[in-house]
Amino acid sequence: MTNLSPAASTALIDVRKAAQAMKQAATDTATVADELRRYQKFAKPGQPSPHLVQVRQSQARVRQASNQAKQAFLTASMRFVREAALKVPTKLSLEAYVTAWLAANPEA
C-alpha cells in the first residue's frame, strides 16, 4: 500500500470521483448515440421530427457533460500528482498515467 499524505489522500478521493463521473458520462454518451442511430436510420428526408431534434439536443448535452467530466478528471489528476509527488513519464499522458496508477493501486 502506498503511504499518502492527507492532502494527497483528499486529492485521490477527488480523482476517484472524477473517474467515476467520466465513466458514467461515457456510458451516457454511448447510450444516446445508439438511440440517435436507431432513430436516424428510419428518418424520412426533409425536416427532422421533433423527437429526433430532442435526441440530438440530448446528445449535445451528454457530450458537454462528458467533456466537463474529463476536464474535472484532468484537474483532479494534476492536483493528485502534485500532492503525491509522483513523476509522470514524458511519453505518457496524465490521463493514462493516473488511470494506470489507479488500476495498480486499488487499495490506496
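The values are calculated or read from the model by the stated rules, or taken from the named source; none is laboratory data. Predicted model only: the values in this text are computed from it and were never measured. Positions of Cβ are generated from backbone atoms using ideal geometry, with glycine treated the same way; all protein chains shown enter the neighbour counts. In case anyone asks, the SASA skips ligands and DNA or RNA and just uses the protein heavy atoms, side chains included. Shrake-Rupley method; radii C 1.70, N 1.55, O 1.52, S 1.80 Å.
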Looking at this structure, is residue 71 open to solvent by 70 Å² or more (accessible area, probe 1.4 Å), of a type outside the set (Phe, Trp, Tyr), under 12 Å from the mean Cα position of the chain (by Cα) and modelled with pLDDT of 95 or more?
yes
Hey, any hits in the range 84-98 for a residue that's in contact (Cβ under 8 Å) with a residue 40 or more places away in the chain, surrounded by 10 or more Cβ atoms within 10 Å (Cβ to Cβ) and more than 21 Å from the chain's Cα centre (by Cα)?
yes
Going residue by residue through the range 66-76, is there one that turns out to be charged (D, E, K, R) and either assigned to a helix (DSSP H, G or I) or touching a Gly at 6+ places or on another chain (Cβ under 7 Å) (or both)?
yes
Kindly indicate whether any position in the range 38-57 is out of contact with any strand residue (DSSP E or B) (no Cβ under 6 Å at 6 or more places or on another chain), open to solvent by less than 80 Å² (accessible area, probe 1.4 Å), part of a helix (DSSP H, G or I) and of a type in the set (Ser, Thr, Tyr).
no
Inter-residue pairs, beta-carbon under 9 Å, first of a type in the set (Lys, Arg) and in the range 47-67, second at pLDDT 95 or above and surrounded by 15 or more Cβ atoms within 10 Å (Cβ to Cβ), 6+ apart
61/32; 63/25; 63/29; 63/32
All but one of (1) outside any helix (DSSP H, G or I); (2) out of contact with any Leu (no Cβ under 9 Å at 6 or more places or on another chain); (3) within 28 Å of residue 108 (Cα to Cα); (4) open to solvent by less than 100 Å² (accessible area, probe 1.4 Å) hold for residue 4; which doesn't?
(2)
